[in-house]
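Single-structure report; data block below.
The values are calculated or read from the model by the stated rules, or taken from the named source; none is laboratory data. Owing to the predicted nature of the structure, the values given are computational and were not obtained by experimental measurement. Counting neighbours? That spans all protein chains shown, and the Cβs are built from the backbone with ideal geometry, glycine included. Please note that ligands, DNA and RNA were not included when accessible areas were found on the heavy atoms of the full protein model with its side chains. Shrake-Rupley method; radii C 1.70, N 1.55, O 1.52, S 1.80 Å.
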Amino acid sequence: MDLSFMINVIIGVLIVSMFFSMLNQKKPDLLTQKKGNRRYEKVRAINRKADEDLLGRRFSVPRDGRDEVAVNLYEISSDQPTPVVYVVHGGNLFDGDADQCDTFCHRMSRLWNCMIIAINYTKLDVQVPPYQQDEIIDTVEYFSSRSAFYHIDPSRSAFVGFSGGAYLMMGAAAILHTKGMDLKGMISFYPLIDDSSIQLVDQGIYRTPITFITCENQQEIQMVDHLVSHLEQAGVQTDVRNYSAAVTGFIEVNNPEYEQNRYYQKGRDQMYTQDQKDYAAACEIWMAGVLERYFEKEN
């Protein structure tokens, strides 16, 4: 049996168990109440920008026998093939949208001097995992196979993920590793973490260097520290940077897509402040250095 298929099955089982565990704990009626599903559809519709307002370029990644993957492309002019960063948005796996990272991705493509591909993965009330990991993997494979056309260097690829997106990209990176497509590294913002993440590492499946960014949430910090201890035991290169005075989501929320969205007004006095904007700006510059070191590192 093909090794990558076996790994995919293992990861799928782990993530499906996480999915139903999360439903039982937080959203026990999501799959049985149409009202709940309509709520997420409504939020996603509001989070999506009009095409004429999007700073990036919409594109649909074709797949044989499966639905296309919606992505936003942020390309730059360069004499040489550029690195490529795949951004996997947050939103608790249910109500986020890649369009919410539009301003961020447009700005970062210039700061990081790379092409950015923001993946608008299918949400969990529509498809059960590992469908989302397959979307991420198929997107990476598609652009890697067309690197000359897009003027990118697939040997210098990285992931940046937020919350639920950070969770999904770990599984995708593990499967890509079995296919011989190793990423240079990942930056994981306040990721969702559960036992399946630990098992992924303990079984030796996950190998990609990873940098974690945490905020003021002590439970979140403890979960990241726990995962890092397992990663270090597995010999995976890790780093953790804590912004103790920053609120969870500080990178994304201090952009127009969140500030103007009525669904993100709770805690506005703490979230949309100059201090939080300053933390975000400093973090973005620091991330540029992390990615530069990743891209310069030999395999």
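Numbers for the structure displayed
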read-out	value
Positive dipole terminus of the stretch 54-173, leading residue within 78, 96, 164 (C-beta point charges)	78
The stretch 141-210: trypsin sites (Lys or Arg not before Pro) in DSSP loop, at most 12 other beta carbons within 10 Å	146
Residue-normalised accessible area of the stretch 86-207, given per residue in Å² at a 1.4 Å probe	27 Å²
Whole-Å semi-axes of the stretch 90-186's equivalent ellipsoid (Cα gyration tensor)	21, 18, 11
Cα gyration tensor shape of the stretch 226-295, rounded if a/c is under 1.5, else prolate or oblate by comparing a/b with b/c	prolate
Total charge dipole magnitude, the stretch 102-170, about the Cα centre, Cβ charges on Lys, Arg, Asp, Glu only, Debye to nearest 20	320 debye
Long pairs among 123/184; 179/297; 49/123, criterion Cα-Cα beyond 24 Å	123/184
Shape call, the chain: gyration tensor on alpha carbons, a/c limit 1.5	rounded
Size of the stretch 160-299 as Cα extents on the principal axes (Å, biggest first)	44, 32, 23
Heavy atoms of residue 240: accessible area, 1.4 Å probe, square angstrom to 10	60 Å²
Cα-based shape type of the stretch 137-191, given that a ≥ b ≥ c are square roots of the gyration tensor eigenvalues and the cut on a/c is 1.5	prolate
Calculated FRET value between residue 226 and residue 53, using beta carbons and R₀ = 41 Å, to 0.05	0.50
Trypsin sites (Lys or Arg not before Pro) within the stretch 223-270, DSSP loop, no more than 10 other Cβ atoms inside 10 Å	266
Helix-only [θ]222 nm of the chain, DSSP H runs n ≥ 4, -39500 (n - 2.57) each, per residue, nearest 500	-14500 deg cm²/dmol
